[in-house]
Amino acid sequence: RKYPGFTGVRLPYSRRDEGFGSLGAFAKGMSPLGPAIMDVQKDDISDKLMMWPLTFTPPGELEPPVPNDAVEKAGEGQWRTMRVITMLPRVVAVREFTDASMEPVVRKADRELRDILARDGLSPEDDSDDLVRFAQYDAIFSMGRRRGEVWIDLS
């Protein structure tokens, strides 16, 4: 898939429910977009990061708008760990999964996607081996069939 650039808000987290809660409180009134995007280093020692897109680059524009209210709040007081970042457009390989976004499920989907890329002669970006990136489209405690995806940036 090809994704446009976007401006998002990102924070380090220990538990996803706390990350969702903090991002929800921070983004109140900003109309954040989906999905929630998580970056987890494979070493299990580094911070895990969660991000919500706030604005996408409109067609015909080169950069996404940056919400002033997010910039004013981020990095200060209770929001000191929040960062407003701009992500460049990217092409990602995607592997969907329907189970809860638990570590064994996400890591298995990542391994399967890497095997598929190798089989098909596609190359991940050089630094992608140390990172598992996944997208969560459903509410954190939703029941039943869910929609999650592992993403690997392609070079």
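The values are calculated or read from the model by the stated rules, or taken from the named source; none is laboratory data. Predicted model, so just to flag it, every value in this text is computed and none were measured. Virtual Cβ from ideal backbone geometry, glycine too; neighbours counted across all protein chains shown. The area values use the complete protein model at the heavy-atom level, side chains included, leaving out ligands, DNA and RNA. Shrake-Rupley method; radii C 1.70, N 1.55, O 1.52, S 1.80 Å.
Between Met30 and Glu76, what FRET efficiency comes out of the Förster formula 1/(1 + (r/R0)^6) with R0 = 22 Å and r the beta carbon distance, rounded to 0.05?
On the way: r = 16 Å, r/R0 = 0.72.
According to the calculation, E is roughly 0.90.
So what does Asp99 come to for accessible area, using a 1.4 Å probe and Å² rounded to 10?
Result for Asp99: roughly 90 Å² accessible.
Consider all pairwise Cα distances in segment 85-155 and report the whole-number % of them above 20 Å.
In whole percent, the share of Cα-Cα pairs in segment 85-155 beyond 20 Å is 31.
Could you tell me how many cubic angstrom of Cα convex hull volume segment 47-93 has per residue?
On the way: hull volume 4.7 nm³, N = 47.
Spelled out: Cα convex hull of segment 47-93, divided by residues, is 99 Å³.
For a quick check of your reading of the filter: which GluC sites (Glu not before Pro) in segment 38-130 sit in a DSSP loop and have no more than 15 other Cβ atoms within 10 Å?
Answer in residue order: Glu61, Glu76, Glu125.
Could you tell me the calculated FRET efficiency between Arg90 and Glu112, based on Cβ-Cβ distance and R0 = 25 angstrom, to the nearest 0.05?
It comes to 0.75.
What do the square roots of 5 times the Cα gyration tensor eigenvalues come to for segment 1-46, in whole Å, largest first, as semi-axes of the equivalent ellipsoid? Intermediate values should be presented prior to the final figure.
Details: eigenvalues 81, 59, 12 Å².
Result for segment 1-46: semi-axes of 20, 17, 8 Å.
Starting from the Cα of Glu63, step 7 Å along the direction of its Cβ; do the same at Arg147; then give the gap between the two resulting points in nm.
3.1
State in Å² the accessible area per residue of segment 11-71; use a 1.4 Å probe, count heavy atoms of protein chains only, and round to the nearest integer.
The answer is 55 Å² per residue.
Please compute the Cα-Cα pair-distance distribution of the chain with 5 Å bins starting at 0, giving whole percents from short to long.
Computed distribution, short to long bins: 2, 9, 18, 21, 20, 17, 10, 4, 1, 0.
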